[in-house]
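Worksheet: one structure, shown below.
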Amino acid sequence: MTTPSCQLYLISPLDVGGDFPAKLEEALSAAPVAAFQFRVKNVSQHEAARLAEPLQAICAAHDTAFIVNDDMALAKRLGADGVHLGQGDGDPQDARRLLGPGAQIGVTCHDSRHLAMEAGEAGADYVAFGAFFPTATKTVEHHADPEILTWWQGLFELPCVAIGGITVDNAQTLIEAGADFLAVSGGVWAHPEGPAAAVRAFDTLMAG
């Protein structure tokens, strides 16, 4: 089976308690998902580890990479597949030393070609550009144009991730522009027909 040129990268909602593990299972069972980013805020590391445990097991069962947002120490504690670093969350080289050669290290680069090239030089495994569309998930300070994906693809081997307000309805332009991964949160978890329907719809889009 050939890997599609663009793959789905799910980002958790901030609330991953309650019935969220069942929703994740539903989403990952619907179609292949390359990665899942565990993103929680304002909880202790101990509580984060407790919340992560069932989700990490579900990801492992579906061969989906489990990536921790922002927190190298938590990624190390969990034995996660990788960490995603914002611009203020530390250096990819430090993350590499802590997590080892096999870890997937991603870096948020907003709409900046310079930051993306710096991240690549520092040993990141992927760079993330965005936000491409309005999003309710976080405050948007940087608006990226799809053209930055095309520019990156033309020059670099390193995969690029598109993030920010991506839904089934607006994803096509980013796929065509050259995104290797679509990072989606609300577009899946808040989909009116449920997470499985959303993942299947993305899968159909990305299969072209």
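What follows is calculated from the coordinates using simple rules that are stated; it is not laboratory data. Quick caveat: nothing in here was measured; it's all calculated off a predicted structure. Ideal geometry is used to build each Cβ from the backbone, glycine not excepted, and the neighbour counts take in all protein chains shown.
See the values below:
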| read-out | value |
| --- | --- |
| Hits in region 29-78 (condition: farther than 18 Å from G90 by Cβ, of a type in the set (V, I, T) and either assigned to a helix (DSSP H, G or I) or in contact (Cβ under 8 Å) with a residue 12 or more places away in the chain (or both)) | V33, I58, T64 |
| Among residues of region 160-194, those that are surrounded by 22 or more Cβ atoms within 10 Å (Cβ to Cβ) and in a helix (DSSP H, G or I), counted | 3 |
| Boolean, G120 is touching a helix residue (DSSP H, G or I) at 6+ places or on another chain (Cβ under 8 Å) and either in a helix (DSSP H, G or I) or surrounded by 15 or more Cβ atoms within 10 Å (Cβ to Cβ) (or both) | no |
| Single residue of region 140-159 satisfying the filter (farther than 12 Å from A128 by Cα and aliphatic (A, V, I, L, M)) that is surrounded by the fewest Cβ atoms within 10 Å (Cβ to Cβ) | L155 |
| The lone exception for A116 - which of (1) within 18 Å of L28 (Cα to Cα); (2) among the aliphatic types (A, V, I, L, M); (3) touching a strand residue (DSSP E or B) at 6+ places or on another chain (Cβ under 8 Å) it fails | (1) |
| Subset of region 120-177 [farther than 24 Å from V188 by Cα and touching a Leu at 6+ places or on another chain (Cβ under 6 Å)] | G120 |
| Number of positions in region 174-202 that are in contact with a Phe, Trp or Tyr (Cβ under 8 Å, 6 or more places away or on another chain), of a type in the set (V, I, T) and under 13 Å from F132 (Cβ atoms) | 1 |
| Any hit, region 35-42, residues being surrounded by fewer than 16 Cβ atoms within 10 Å (Cβ to Cβ) and under 26 Å from D125 (Cβ atoms) | yes |
